[in-house]
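Here the structure is laid out as structure tokens; the discussion comes afterwards.
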Amino acid sequence: MHALIMAAALAAFPQSSAHVTRQIVTGVCLPFAETGEAPADNIALASLSARGGEGEFETADGRHIVKLTQSGRAEDGTLRRVCEIQARAGGFAQARQGVAGPLEQAGFRPEPDEPRDWPVWTRGGITATVHQNPGRAAIVRISYWVVDDEAAASTS
């Protein structure tokens, strides 16, 4: 209930694209990648509402579209979870600005050899990327793959 009140209060004030992207990544994408669940309170705090199919959300202004998908099974070594955000406002620079600090504070490390226009951060089996194709929305993708998790565990 408190989340709904907070979401209504936040909706009254315009927020930058970087802030909205950050809120979705930290409150929706990271929990989904880690556990397969996106808390309803966090979805409300990010001002997201259902859109189209299952696991699809958007902000009221339509500037951020979020798609949550999960496939495979951990027991079979095929489990994969993906949270993809189309940031239709702000572009690449704001998307990157919105997620870089929070990802690094959450223990993600930037991959040093990645191109500046396609940064990659990793932590265990979770990978975060930001990219933008010309004329398209900036895309932030947070994904978990059990194979990456197993590889990270064996190198620790």
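The values are calculated or read from the model by the stated rules, or taken from the named source; none is laboratory data. Treat the numbers as computed from the prediction; the structure is a model and nothing was measured. Accessible surface is based on the protein model in full, side chains and every heavy atom, while ligands, DNA and RNA are left aside. Shrake-Rupley method; radii C 1.70, N 1.55, O 1.52, S 1.80 Å.
A few remarks follow.
- Prolate/oblate/rounded label for segment 12-112 (Cα gyration tensor, a/c 1.5): oblate
- For Arg141, the solvent-accessible surface computed with a 1.4 Å probe is close to 80 Å², ligands and nucleic acids excluded.
- On Cα atoms only, tilt of 2-11 relative to the major axis of the chain in degrees: 70 degrees
- Structure-based [θ]222 nm, the chain - -39500 (n - 2.57) summed over DSSP H runs of at least 4, per residue, nearest 500: -10000 deg cm²/dmol
- Stretching the chain fully between Thr35 and Val147 yields a gain of 38.8 nm (0.36 nm per residue, less the alpha carbon separation).
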